[in-house]
Each structure stands twice: as C-alpha cells, then as structure tokens.
1. Consider only pairs whose beta carbons are under 7 Å apart and that are at least six residues apart or on different chains; among these, list those whose first residue lies in the range B:95-107 and is under 13 Å from A:Lys14 (Cα atoms) and more than 8 Å from chain C (Cβ to nearest Cβ) and whose second residue is surrounded by 18 or more Cβ atoms within 10 Å (Cβ to Cβ) and modelled with pLDDT under 90.
2. Could you identify the single residue in C:Thr175, C:Thr170 that is out of contact with any Leu (no Cβ under 8 Å at 6 or more places or on another chain), at negative phi and either hydroxyl-bearing (Ser, Thr, Tyr) or in contact (Cβ under 8 Å) with a residue 60 or more places away in the chain (or both)?
3. Test each condition in (1) touching a residue at least 12 places away in the same chain (Cβ under 8 Å); (2) open to solvent by 10 Å² or more (accessible area, probe 1.4 Å); (3) within 10 Å of another protein chain (Cβ to nearest Cβ) for C:Thr156 and report the one that comes out false.
4. Restricting the search to the range C:177-207, which residues are aliphatic (A, V, I, L, M) and open to solvent by less than 10 Å² (accessible area, probe 1.4 Å)?
5. If A:Ala107 satisfies all but one of (1) touching a residue at least 24 places away in the same chain (Cβ under 8 Å); (2) buried (at least 22 other Cβ atoms within 10 Å of the Cβ); (3) within 13 Å of chain C (Cβ to nearest Cβ); (4) within 21 Å of A:Gln269 (Cβ to Cβ), what's the number of the condition it fails?
6. Is at least one residue of the range C:131-138 open to solvent by less than 10 Å² (accessible area, probe 1.4 Å) and modelled with pLDDT under 95?
7. Could you pull out the residue among B:Phe242, B:Phe220 that is in contact with a Cys (Cβ under 7 Å, 6 or more places away or on another chain) and closer than 22 Å to B:Glu53 by Cα?
8. A:Asn287: in a helix (DSSP H, G or I) and open to solvent by less than 20 Å² (accessible area, probe 1.4 Å), yes or no?
Amino acid sequence: MSALPEKMGNANKKKYILEGLSSKLFQFCALISVISLLLIVGFVFYKGSLPFVVDGYSFIDFLTGVDWVPSEEKFGILPMIVASVYATIGALIIGVPVGLFTAIFLAEIAPKRVAKFISPAVQLLAGIPSVLYGVFGLAIIVPFLQNVLNLPRGQSLLAVILVLAIMMLPTIVTVAETAIRAVPKTYREGSLALGASQIETIFKVVVPAAKSGVMAAIVLGVGRAIGETMAVILVAGNSLIIPTSLTDSLRPLTTNIALEMGYAFGSHQNMLFATGIVLFSFILILNFVLAKISAKGEK
Amino acid sequence: MNSIETKLNKARTGKITPIKQDSEEKAIISVRDLNLFYGEKQALFSVSMDIQEKEVTALIGPSGCGKSTFLRTLNRMNDLIDSVQINGDIVIDNENIYQTNDVIKLRTKVGMVFQKANLFPMSIYDNVAYGPRMQGLKNKKELDKIVEESLRGAAIWDEVKDRLKTSALGLSGGQQQRICIARAIAMKPEIILMDEPTSALDPISTLKVEELIEKMKKDFTIVIVTHNMQQAARISDKTAFFLNGEVIEYEQTDKIFSMPNDQRTEDYITGRFG
Amino acid sequence: MRTLKDNILRGFLWFAAFLTVAILVTIVGYIFMKGYRLINFDFIFGDYSPTGHGGIWPMIITTIYTIIISLIIATPIGIFAAVYLQEYAKQGRLVRMIRFATESLTGIPSIIYGLFGAVFFVTTLKLGMSIISASLTLTIIVLPVIIRTTEESLKTVPNTYREGSLALGTTKLQTLYKVILPSAMPGILSGIILSIGRIVGESAAIFLTAGTVAAMPEGIFSSARTLTVHSFLVTQESGDIELASAVGIVLIVIILVLNLLATFISKKLNKANY
C-alpha cells in the first residue's frame, strides 16, 4: 500500500494553531451581537438621559406633559404615548382574532388545494415593505373614512388602527399556521375518537396545544405594529393632541422620532432619544406581559 | 477526579483479571485503571485490559454496560461530550493517548466504524478519499490508488467500481457500511474500532461484513462492540464481558463461550439476562 | 345546540380567512392597477428627474448597494456566530448572554436602529448621512436573522456526520467547511435571502441614516434613497400615489423573486443532499 504523506508530528501543529485561532474568531463574531446591543442601548439611553441629568428637565414633566413645542423648549410626550397605546391596542383587537382565525382556517378547515395556494401568498405578503401598506392606507382607507364618516380629513386613529391591523395579518397568519400545523395528528385523532366535533377539537385541543407558537405569532405581529413608523406617518395626521376618539388625528412615538430627527439638534435631538427610551420600555413591557400571559396559560 | 474514589472503585472491582501474555503476541493497546464519568455519574469502573495486535477483540454485554463508552475512549471520541471526565491510562503504541494530546494523530491511527453507516452526502469516491485528502494528499493518482485499495480491502470494489462518482447514499445499507469500512481503511490505521457495525443490517449483509472482518484481521487490530453473541463467537479471538461499567471477564473467545469463570458471564451468554 | 355553536364558529373561520385574503388581494391589486401604467424601460432604467414621474434607476442602485454592503459584513459574522453557538460553545453564561443579545436585537423596532445609526455611524464615526451608514445599521438589523437561520440549519445536520469526519482524524475546522457547512447550506442561503427581503423592505432606519437625496449616488459615502424610502417620500411629499405604486410593483416583484429563489434553492440543494 502506498504511504500517506507525513501524517504525524509537526504537520498537525499547524492544524491545532489554526483550530485555536478559528474558534477565537468564531467566538468574537458571536460577541458582536452583544457589542451591538450594548452600543445601541448605551447610545440611546445616554443621549436620552442627557436632558434630565445634565440640562435639568423633569422626567415626570416629559412623560406627563401635553405640549410638544421644541422651539419653546416644551417637551411633553403624553399625547404620543396615548396615541401609541391606543393604536397598538386597536390593531391588536382587530388583527389578532382575524389573523388567528385565518391561520386556523388554513391549517385545519381549508381544502388542501386552497391552503396550498393561499398560504404561500400570505407568506409573501409578510415580506412586502410596510411602507406599501401606508401608501394603500393613504390612497384608499383615508379617503374612505373621510367620505363615510364625513370627516374634515381621513387621517385618524381609526385609519392607523386599520393599517396596522392589516399589516400584522400576514405575520400572525404565517407564524400561527406553522404552529398549528405542527400539532401532532394523534391529538386530533384522540379528541375525535372521544366524540368531539371537528370544531370542538380545534378550539379545545389543537389551538391550546399550539399555544406557544400562537403566542409568538401575536408577539411578532404586535411588535411589528408598535414599531411601525413610515406607514403610520402617512395615515396618522401627526397632530400633537391627545386622541379622544377614533376619528382624531394623532402622532405616535415612532413617527415623532422620524418626523423631527432630520432637523433636530441639541436638547431637541436628545429628547427624541428619550422618546426612543419610552418606546423601548413599551416593547419590553409588552413582551413581559405577553410572556406572563402565556406562562399563566401554561399552568 | 479524586484519587480516593478511584481507589474505592479499585477495591470494589477486586483484583484485576490477570491477562495472559502470549510471548509472541504484543499488546498494542494497554488500558489501566480507566474510570469515566458523565458529570456525576460514573460509567466505567477501573477498566484494565490488554488488546493484542492483529486480533479481533469483541466487547459484549447488555445495553448500557459501558462497552460502547469504553470503545470510544480508545480514539477519544468521548471528548466531544462536554461533561465527560476520564482518569486512568490508555497506552497505544507506547504512547499514553490522554497525555500526548495529539488527537488528530491518534484518530488517523485508530479508525472507527459506527453503528449506522454515516457516509457523507458526497460521491463514493469522495467519501473514501475524504480522510487522506484532509491529511493533505492531493495527488490524483495516489488518491485513485488509495480509493481502489481501500474499496478492495472492504470487499466492495467490484460492486461499485463503475459508479464511483455517484452518490454514496444511493447504496444499500450493507454496501454503505462496507464503504464506511473502506473509508476507515483509507487512512491506513493500525486499529479499527467497530461500534455494533451490523446491528442495522439484514442477515446477508451481516454475513458479508463478518467475512470481511475476518479477512481484515491480517492487516488490522480490530475491536468490535456487538450485541450479538453468536457474532462474537464467530469472529473474535478474545472476548470481554462488560456489566455495569466493569469488565467481568476477559478471555479467549472459545474459553469464554465454553467455560466462563464468572457466573454472571455464564448467565449472560446463556441468555438469562440482557 | 352544539351543532349551532359549531356552525357559528365555522362561519367565523371562513369569514376571517375570506377577509384576510380579500384585503391582501385588494392591496396588491390596487397597487398594480394604480402603478402598472408607469412601468416601462425608461422608468426602471432612467435617471431620476424631479419633474414628471422620473426614473428610479438611482434608487435601484442604492438599494443594491445597501444589500451588498450589509450582506458582505453580516453574512460571515452571522454564520461564524451561529457556528460558535452551535458547534463550539459550551453551555454557560457567555452563550446565554449572546443568545439574549441576539433575541433582543430581533425585537428592537427599526426606528430605534435609525436613531442609533444616526448618532453612531453618521455623527460619531463621521460617516455622514450616507449609503455606508445605512448599510452598517442594516448589518445589525439582519445579523440576528442570519444567526438564527444558520443555527437552525446547523441543528439539522446529523451528528453522525460530525463523528464520522472527526473519527477520520480531521480537525473541527475541516469538518466544518467540508461536511457541516455544505450540509447546512440550503438553510443558510434561505436566511440570506430572508435578509435581503428585510433590507429591501426597511424604511425608517434607512430614512434616518442615508438621507433622502434623489440622485444617482456617487459612491457609498453619498446620501441617497432606496426604493422603499422613495415610495414613502413621493407619497408623503407630493401624494403621488401612482408613482408610489409603480415603485411598489417593483418592490413586490423583487420580494416575489426572492421568495421563489429561496424555495428553489432549498428544494434543489435538498435534492443534491439526497
């Protein structure tokens, strides 16, 4: 038999050195996530805290103030907080049930051929830029509301809610459908064999079994709604008032940042970062609450 | 691991079964006082064993008795599991393999065939040439030669010589396992470890692999784990019986199957448990 | 009673599905109806002019720039990070920290990335409102996507491949690039395609870091606007729904092609893996 080239000794030394170097490189790459997160959180919180720590603005006034007039050094974001909360809850109330029911339909009820056609189409729509939903909202929903409800202008809380609800539909449907499909067949068979109807089986056995995936779908969908900026700018009207009805114009937190960042400087710019902190906390609270809900259901 | 524990274990196993040293035979693997832990749980207790060159040594015993774990210490495959801790000595070719730390060299010298054929999703040729290539061999002629020799060595050349460039995963289970053996042979190892190589095969394929193992004996030292006692009896020169992480008996195969020293060995080979 | 309740619920399910499909079809249909008249060769490949509707070639080029730059940086980092988490790291605090960071990055809304990019890349690193600032911001946005999809596909690579390769005396690195990464390739590629979709669809973060200059970028340090930002700006500034929809058609087609590509690649490569 012919001999292999030198397979012992020094030849392996190089390999071990390479092995050590590569594993260090991989570790460093993995740490970039951590570094990025620290940088982002660090910068946003640093800049956002400057007005309160250095310039002596009151954080309470910032949260509870109703006037946002940067030229007069008035920075109150209560209207935006209320706007964000209303818009998110509204979108949740409409988008989640419709999305979940659609997902259940596609996974459990729809004829195979129908589902095979619709599911990928919905998945595709989860990928189209959210700006386009805003364009559609401005072109169709806003004039529609204006005419039907006889408003001076159609840009309103209701328009924002509708656009956000529509936008989160594909995300919720796609993720929830996957989760429901992953429930083992034996669960369904077991329930049906005990005399439960198909609908009972779906709501009492299948959906509860898919709960963590369904929850993930909701979190993703809501996350998309709460963080959405550009589509909302187009249909919100952006007035700086506390919305009191569905037909009021509004300015959520995200749009405030996007609209003013371009020309803001000094305290004004730092206040936009402070707005970012509030948005950040919002998302943390939301994730926390949803995690709690799903943990509670688990018991 | 602390040494008191080791001593305790030694005390528990009692005296090490004496190993007969044939004067012509040379022990290629010497294991002394090998203890292995998965985290807190001890899986091997003070194993000592000498394995002779150019012989087939079979490791038998019920599932979970530690025979596969022991086999995997011989080429340090247990290193892949984070929680494993080992003490004791394994000397292969006069080198203590847990001290030299050149795992690459060890594994080129000690090949392995697994329970289920685990060919890579590549052609037959690329599978067999994989090891030598990774050692830096690029010469096409030499590779061709090694591939042919290895496939002949694994008694499968005639079956696959016309389809070397096709996917290895298109072959039958038995053929795949013999390609795995060829892949191991291609590294020209001194020792080949086999971890229940026929447990996933039909009887005819099993027979072919067994015949192959008998033929390979003249070139390689083979250590084989098997569930099948007839197989151990048919192909091995020596047999070690493992129970609960200990070597109960290690003897000439014909002796162990005709008149075992230990009652537990007898119970096992006569099918009273396991 | 029971059947009545069942039928009502069943009715709701049908209604919800009908509603979803109807809305989504309406949106896509509307955008096509509104925009298709503008789509022609000059629109796609023509330079932008502020009068009339203007071509979108500069925006296409800008979009391509951002895709290429972000992926050149994010792909190797993301794949290596996933390799570290799946193949190298021992479970422990460091890994938990990395996973927490990666998950948190996924949940941060793009406007926050925009804020960060505007102060870090644009101001602190003095890169200005430019394609490069936007691309670096996008790099962080898609990094978790690539890490997660790569990790998922590494998980599907059978452990027997790793064992088979390492037992032949190869290093982890050799095993990685010869066996593991090729097997995981379909998943990795679909992760990259997913990232392209994310980059193309992104608006807020790019709006705050690349600015809005509607002209052919002179280089990666120029301010410019991507297709999505263009679609937003023409709607907001001039209410030109027709133009926004035409850009929308281009975007939808891009996303459609990417999706088909992802499906095609994963099918084709799965076949190649047998």
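The values are calculated or read from the model by the stated rules, or taken from the named source; none is laboratory data. Nothing here was measured: the structure is a model prediction, and the numbers come from that model. Virtual Cβ from ideal backbone geometry, glycine too; neighbours counted across all protein chains shown. Keep in mind that these areas ignore ligands, DNA and RNA; they rest on the heavy atoms of the full protein, side chains included. Shrake-Rupley method; radii C 1.70, N 1.55, O 1.52, S 1.80 Å.
1. Partner pairs satisfying both residue conditions: B:Asp102/A:Asn12.
2. It is C:Thr170.
3. For C:Thr156, the failing item is (3).
4. Those that are aliphatic (A, V, I, L, M) and open to solvent by less than 10 Å² (accessible area, probe 1.4 Å): C:Val179, C:Ile180, C:Ala184, C:Ile188, C:Ile199, C:Val200, C:Ala204, C:Ala205, C:Ile206.
5. Result: A:Ala107 fails condition (4) only.
6. Scanning the range C:131-138 turns up no residue that is open to solvent by less than 10 Å² (accessible area, probe 1.4 Å) and modelled with pLDDT under 95.
7. Just a single option satisfies the conditions, and that option is B:Phe242.
8. In short, no.
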